[in-house]
Structures are given as C-alpha cells and as structure tokens.
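The values are calculated or read from the model by the stated rules, or taken from the named source; none is laboratory data. Treat the numbers as computed from the prediction; the structure is a model and nothing was measured. Because the Cβ atoms are built from the backbone with ideal geometry, glycine has one as well, and the counts that use them run over all protein chains shown.
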Amino acid sequence: MRQILATMTFAFGLIGLAAPGLAATQYPLTITNCGEQVTFRKAPSKIVSIGQGMTEILFSLGLADKIAGTAVWVGPVLPQYAEANSRIKRLADNDPSFESVVGQEPDLVAAEFEWHVGAQGSVGKREQFQDLGINTYLAPADCVAKVNTDGGDGVRKELFTMELVYREIAELSEIFDVKERGDALISKLKKREADAVASISGASGKNLPIVFWFSSKEVNGDAFIAGKNSAPAYILKAIGARNVVTTEEEWPLVGWETISQANPAVIVLATMDRRRYAADDPKVKIDFLENDPVTKELDAVKNKHFVMMDAQSMNPTIRTIDGIETLAKGIKSFGLSQ
C-alpha cells in the first residue's frame, strides 16, 4: 500500500513562523489526510481522541473543552494538562469499541495510529465513521512514507522527522481556526530541539551505538527495538549517535544475541504505566539485562549506562523533543560527550 503525503489544499508554510495576524480559516475547508479527502463545514465542536500523543497535541492547542472522550494511554498525561484531562471521559486505556466512540456523538474522531482507525482499524474503518457523518483525522506521522498493512507497528520507508508532527499541529490548528496557537507551539518545540542538540554539540553523540528497548512479550524473549527510521532513530540522528538496528520495521522484534554483536554503549529503556507485557516495567528490564548471560556482558550494562525515557517520547509526538533532551542529558551524565 502506498500512502499519500497529507497536504493541505491551500498553501501554508510549516517551517518557521507564519506572519502575524493570520487570516481566519475559511470554511468549508478540505484537506487530504492519509489518502482521504476530508471536508470541514465548520470547526469541530466534539472530538474523540484515540492515542495519547494526539490528545496531548489537542491539549497543547487549547482544545481540551472540545474533547468528549479519549483512549489509548501508556502513561500519565503531561503535568500541565492533568486537571483538564481529569474532566474528560476516558473510554478505554487501550483500544475503545466502535460503539463507545460513536456514543459520544463526535463530529471528529482524531487518531494517532492507523491500526485504530484505518483500512484494518481495530476501532473502526474511516468509512464507517463517515457513513455516520463523523469526520476522521489521522496523524500524518503514521501514514507518510509508512506502510501499515501487515499488522504490528508498520514499516517506515523514510526516516521520521519532526516536520511530520509540525504538519499535524499546523493542520489541526487550521481545522480548528487556532493557527496562531499552532505556530507558537511549533516555534517552541523547534527551539527546545535546537537547545538540546546544542547542549552536546561539542561531541554530537560521538557516533555512539545506542539501542531503544520499548518492551518484550516475554522478558527473556526477543525485544521490541526501535527501527532505523523510527522516532528514536530521529532522536539519535539529532544528537549524532547511531542506531544499532537497520530494519525498516517501526518496532521489530530483535534477539539479544543479535543486539550483543553491536555492543551498544547506551540502552534507552521505555517507562510507562501500561503493564500489557512483563517487560513494560523498566525495573524488570534492568533485572533481565544485569542477569542474562548474554546481556550482562554488554558495555552499556557493565557501565550501567541506562537512560529511562517516557514511552511517549519514543513515539512520533510532541514528546519526541523530550526524548532528545532526555538522551542528551544521559550522554552528558555518563561522560560520553567529552
């Protein structure tokens, strides 16, 4: 399946700030989103958001009062949105049912991942919602140069970049007629990224071999490791470090014998509230690494070069910038940026 680059039907810049005094959105507004044309007659007034990353972008744009329900959470919401989030119905921690979503009577369902809302959506297909008069919007980061037809987390054909998240912010701010908020958010995120990279600019990561471990179905089994074009790969490129994985799968299952051949200098461990798998717990991850006969010989393990990173920072979200900051601090604290 070949995904179509999500583009607005009118021109606007995503790189840098737009001119002050932006014009109001003109409705009807039609966009092409992940291969589907979607027309908005007015700004949506009732949203169901599926995916923590999507929800936090909506919060960041000041749209909490329009969210009728959320689903798919792996950890706590960003602290500044905790109070607003507490007032919003959580339909499910994981995948919500189609009935629970449409039961909120939304005029927009916004999803972070195609596996929830898409051709094989676990929640529903886009046409199912459209048949009920409900628009859908999918995060461009999950469809641009990414194939999601084989199940799992998909295959990413090109390196993820934050420009895809900035596109999402710009499109949503246009849809909701809050373009100035969108531009301000993009500007803030770009500055944070530049500052994080500058903090280790003298060493620029020194091409360090690093592995990102999200979880494992079985603690002593193969691990879900970030692929070569994933959001963690973007984090590594930003700071000049090297991914030990070369597959295009987003989160391939990789054996520790294979990982050991690359002998990573740092292991980044996902932290989350989710406990779907035993290895969701970072303490369980560390216990395994320090006691398994293969992994305990890795340089990263012998030197205790573990970086704890919020799982959402490993997904293509606004928290990817947090991931750059977190890894940069970790590399400096280990003395690896000298």
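Mind telling me which of the residues Lys237, Lys228 ends up being under 16 Å from the mean Cα position of the chain (by Cα), in contact (Cβ under 8 Å) with a residue 12 or more places away in the chain and on the phi < 0 side of the Ramachandran plot?
Within the list Lys237, Lys228, the selection yields Lys228.
Would a scan of the range 178-186 turn up a residue that is within 23 Å of Met309 (Cα to Cα) and out of contact with any strand residue (DSSP E or B) (no Cβ under 8 Å at 6 or more places or on another chain)?
Step one: of the range 178-186, the residues within 23 Å of Met309 (Cα to Cα) are 185-186.
From the residues that got through so far, the ones that are out of contact with any strand residue (DSSP E or B) (no Cβ under 8 Å at 6 or more places or on another chain) too are 185-186.
Within the range 178-186, one or more residues are within 23 Å of Met309 (Cα to Cα) and out of contact with any strand residue (DSSP E or B) (no Cβ under 8 Å at 6 or more places or on another chain).
Could you check the range 57-166 for strands (runs of 3 or more DSSP E) lying wholly inside it with 1 or more residues that are in contact with a Cys (Cβ under 6 Å, 6 or more places away or on another chain)?
Where strands (runs of 3 or more DSSP E) fall fully within the range 57-166 and carry at least 1 residues being in contact with a Cys (Cβ under 6 Å, 6 or more places away or on another chain), they are 135-138.
Under 7 Å between Cβ atoms, which residue pairs at least 6 apart in sequence (or on different chains) link something in the range 180-204 that is over 22 Å from Gly330 (Cα atoms) with a partner that is of a type in the set (A, V, I, L, M, F, W, C) and at pLDDT below 90?
That search, which allows pairs on different chains as well, returns Glu180/Leu22; Asp183/Leu17; Asp183/Ala18; Ser187/Leu17.
Within the range 197-211, identify whether any single residue is assigned by TED's automatic domain parsing to the domain that holds Asp273, closer than 20 Å to Asn315 by Cβ and in contact with a strand residue (DSSP E or B) (Cβ under 7 Å, 6 or more places away or on another chain), and answer yes or no.
The answer is yes; a qualifying residue exists.
Those residues that are surrounded by 11 or more Cβ atoms within 10 Å (Cβ to Cβ), at pLDDT 95 or above and in a loop (DSSP other than H, G, I, E, B), I need them from the range 4-34; list them, please.
Once the filter is applied, which keeps residues that are surrounded by 11 or more Cβ atoms within 10 Å (Cβ to Cβ), at pLDDT 95 or above and in a loop (DSSP other than H, G, I, E, B), the range 4-34 yields Thr25, Tyr27, Cys34.
Table: residues versus (1) at pLDDT below 95; (2) within 17 Å of Leu208 (Cβ to Cβ).
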{"position": "Ser260", "(1), (2)": "no, yes"}
{"position": "Asn263", "(1), (2)": "no, yes"}
{"position": "Arg275", "(1), (2)": "yes, no"}
{"position": "Lys283", "(1), (2)": "no, no"}
{"position": "Asp287", "(1), (2)": "no, no"}
{"position": "Val294", "(1), (2)": "no, no"}
{"position": "Lys302", "(1), (2)": "no, yes"}
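Out of all the residues in the range 232-248, is one or more under 21 Å from Val74 (Cα atoms) and either among the charged types (D, E, K, R) or in a strand (DSSP E or B) (or both)?
No, every residue in the range 232-248 fails to be under 21 Å from Val74 (Cα atoms) and either among the charged types (D, E, K, R) or in a strand (DSSP E or B) (or both).
Where residues in the range 118-144 are farther than 19 Å from Lys157 by Cβ and of a type in the set (D, E, K, R), which of them is surrounded by the fewest Cβ atoms within 10 Å (Cβ to Cβ)?
Per the stated criteria, the residue is Asp131.
Could you check, for the range 170-182, whether at least one of its residues is buried (at least 23 other Cβ atoms within 10 Å of the Cβ), within 23 Å of Glu56 (Cα to Cα) and in contact with an Asp or Glu (Cβ under 7 Å, 6 or more places away or on another chain)?
no
Out of (1) surrounded by fewer than 16 Cβ atoms within 10 Å (Cβ to Cβ); (2) at pLDDT 95 or above; (3) in contact with a Pro (Cβ under 8 Å, 6 or more places away or on another chain), the odd one out for Lys188 is which?
The number of the failed condition is (3).
How do the helices (runs of 4 or more DSSP H) wholly within the range 266-338 filter down when requiring 3 or more residues that are out of contact with any Lys or Arg (no Cβ under 7 Å at 6 or more places or on another chain) and of a type in the set (Ser, Thr, Tyr): which remain?
Those helices (runs of 4 or more DSSP H) span 320-333.
More than 30 Å from Cys143 (Cβ to Cβ) and of a type outside the set (Phe, Trp, Tyr): is that true of Glu290 in this structure?
yes
For the range 94-117, enumerate the residues that are surrounded by fewer than 24 Cβ atoms within 10 Å (Cβ to Cβ), out of contact with any strand residue (DSSP E or B) (no Cβ under 7 Å at 6 or more places or on another chain) and closer than 25 Å to Arg41 by Cα.
Glu99, Val102, Gly103, Glu105
Step by step: first the residues of the range 289-309, then only those that are crowded, with 19+ Cβ neighbours inside 10 Å and out of contact with any Pro (no Cβ under 6 Å at 6 or more places or on another chain), then the one that is nearest to Leu189 (Cα to Cα). Which residue is that?
If we filter the range 289-309 for residues that are crowded, with 19+ Cβ neighbours inside 10 Å, which is where we start, we get 289, 295, 298, 300-301, 305-307, 309.
Still in the running and out of contact with any Pro (no Cβ under 6 Å at 6 or more places or on another chain): 289, 295, 298, 301, 305-307, 309.
Details: Leu289: 34, Thr295: 36, Leu298: 34, Val301: 32, His305: 27, Phe306: 25, Val307: 22, Met309: 18 Å.
Ranking the qualifying residues of the range 289-309, first place goes to Met309.
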